[in-house]
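Colleague: Before we start, here is the structure in question, set down as structure tokens.
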Amino acid sequence: MKPVDVYSSKYMGGTLAAEVNPKYIELDSQMQSGYKYFLEDNYSEAIRRWAIVWNLIMDAMKQEKVNAFCCFDEIFNGNEFVSNWTNDFDECLSNAVSGRGDVTTIEYYSKMRIQFNEQIQLFIDKDNESAIGNAKRAMAEAYFLMGDREKGEKIFVEHLSTNPKWGWGWIGWSDQYWFFNQGDADYKKGEEILLEALKVKDVEEKECIAERLLSLYQDSGEKEKLLALEKKFKQEDAKNIRKQEMSLGLEKKVNTLQREHVKIGRNKPCPCGSGKKYKKCCL
């Protein structure tokens, strides 16, 4: 049998790839062929192929009597984890409408994205709040893009009401009003959402929320708020360092830290060093 051309692999650092389950060679081949077009930015062809892959995965999981991606991965043993592939398929659906003004195309791929993310939640471990949150956010983004703000708002509000510590949910919700809507930005609404998020006790990714608020003030030209927030962060940084030094029994002068704010593009490499795009990692 002809070997599969691999364009995306779960094997890192030169690890020798294990053999794919012979039953699912065609599934693996179709998945990898989609990656070829995805990496070439030919999103329509990648989506066409990956829609077939999704149906193959559903049929295979039903046949194997498993209801979680992690369980099917152990049987499939493909060149890429199914969970990683679902993230890439979602990114592909998002990229297919990025910067597009064609209403028909936007509606077609957005509806597909909503349906896809509704379905994948059925196969995610219920304890994997991050993956579930990402799926919810993707659906909400698609509704906003189609102009159905009411349904998009509902998803964010309902999920945040049960999981208020969901930091990237607050950020994603705020983004719909300015970060993704530069032509008709509602900075006030975006600001309200982020400020509300910062009030939540032990909210996740608090620093990222604050950084997004800095970006908002920078984009909106609200210099006074920007400077005031930067000053607050500067004071908090110095305070935290003093606490750390006291806990370590050190007696040295605290150097004032200047927070450098840089707006990172969604498609740029994530500054955390993961190698992933910012929007698929720490955004």
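The values are calculated or read from the model by the stated rules, or taken from the named source; none is laboratory data. Predicted model, so just to flag it, every value in this text is computed and none were measured. Cβ: placed from backbone, ideal geometry, glycine included. Neighbour counts: every protein chain shown. Areas reflect the complete protein model, heavy atoms only, side chains present, ligands, DNA and RNA absent. Shrake-Rupley method; radii C 1.70, N 1.55, O 1.52, S 1.80 Å.
Colleague: Rounding to the nearest 20 debye, state how big the charge dipole of the chain is about its Cα centre with +1 on each Lys and Arg Cβ and -1 on each Asp and Glu Cβ.
Modeller: Roughly 760 debye, rounded to the nearest 20.
Colleague: Then there's this: Kirkwood hydrodynamic radius for segment 45-155: how many Å is it when counted over pairs of different Cα atoms?
Modeller: After inverting the mean inverse Cα-Cα distance, the result is 14.7 Å.
Colleague: Just list whichever of 165/223; 206/239; 126/201 have alpha carbons separated by over 21 Å in the model shown.
Modeller: Where the Cα-Cα span goes over 21 Å, the pairs concerned are 165/223; 126/201.
Colleague: Okay, moving on. Helix 103-120 against the longest principal axis of the chain: what's the angle in degrees, Cα atoms only, rounded to the nearest 10?
Modeller: Roughly 80 degrees between the two axes.
Colleague: Using 0.36 nm per residue of separation minus the Cα-Cα distance, give me the extension gain between residue 196 and residue 246 in nm, one decimal.
Modeller: Length difference between fully extended and current span is 14.8 nm.
Colleague: Angle between the Cα long axis of helix 149-162 and the longest principal axis of the chain, 0 to 90 degrees, nearest 10?
Modeller: 80
Colleague: Add -39500 (n - 2.57) for each DSSP H run of 4 or more in the chain, then divide by its residues: what number comes out at 222 nm, to the nearest 500 deg cm²/dmol?
Modeller: -19500 deg cm²/dmol
Colleague: At a probe size of 1.4 Å, how large is the accessible area of residue 52, to the nearest 10 Å²?
Modeller: Roll a 1.4 Å probe over it and residue 52 shows about 70 Å².
Colleague: Now a separate question. Which residue, 138, 238, 60, tops the fluctuation ranking in a GNM of the chain built on C-alpha contacts under 10 Å?
Modeller: 238
Colleague: Running a GNM on the chain with Cα contacts under 10 Å, which residue among 247, 44, 98 ends up with the highest mean-square fluctuation?
Modeller: Of 247, 44, 98, the Gaussian network model singles out 247 as fluctuating most.
Colleague: Just order 169-177, 83-91, 67-75 by mean Cβ neighbour count inside 10 Å, highest at the front, would you?
Modeller: My ranking of the peptides, most packed first, is 169-177, 83-91, 67-75.
Colleague: Rounded if a/c is under 1.5, else prolate if a/b beats b/c, else oblate: with a ≥ b ≥ c from the C-alpha gyration tensor eigenvalues square-rooted, which is segment 148-201?
Modeller: oblate
Colleague: If the viscosity is 1.002 mPa s and the temperature 20 °C, what translational diffusion coefficient in µm²/s does Stokes-Einstein give for segment 96-219 when Rh comes from Kirkwood over Cα pairs?
Modeller: Once the numbers are plugged in, D ends up at 143 µm²/s.
Colleague: At what distance in nm do the modelled label points of residue 150 and residue 20 sit from each other, each positioned 7 Å from its Cα along Cα→Cβ?
Modeller: 4.5
Colleague: When N counts the residues of segment 1-69, how does its alpha-carbon radius of gyration compare numerically with 2.2 N^0.38 Å, as a ratio?
Modeller: 1.18
Colleague: Can you give me the accessible area per residue for segment 1-140, using a 1.4 Å probe, in Å²?
Modeller: Per residue, segment 1-140 has an accessible area of 53 Å².
Colleague: Roughly how big is segment 138-234's charge dipole about its Cα centre, with Cβ charges of +1 (Lys, Arg) and -1 (Asp, Glu), in debye to the nearest 20?
Modeller: 360
Colleague: Let me ask another. Going by alpha carbons, how many degrees (0 to 90, nearest 10) lie between the helix axis of 82-95 and the longest principal axis of the chain?
Modeller: So the inclination is approximately 70 degrees.
Colleague: More than 36 angstrom separation, counting every C-alpha pair in the chain; what % is that?
Modeller: 26
Colleague: To continue, here is another question. Please compute the modelled spin-label separation between residue 219 and residue 70, points set 7 Å along Cα→Cβ, answer in nm with one decimal.
Modeller: 3.5
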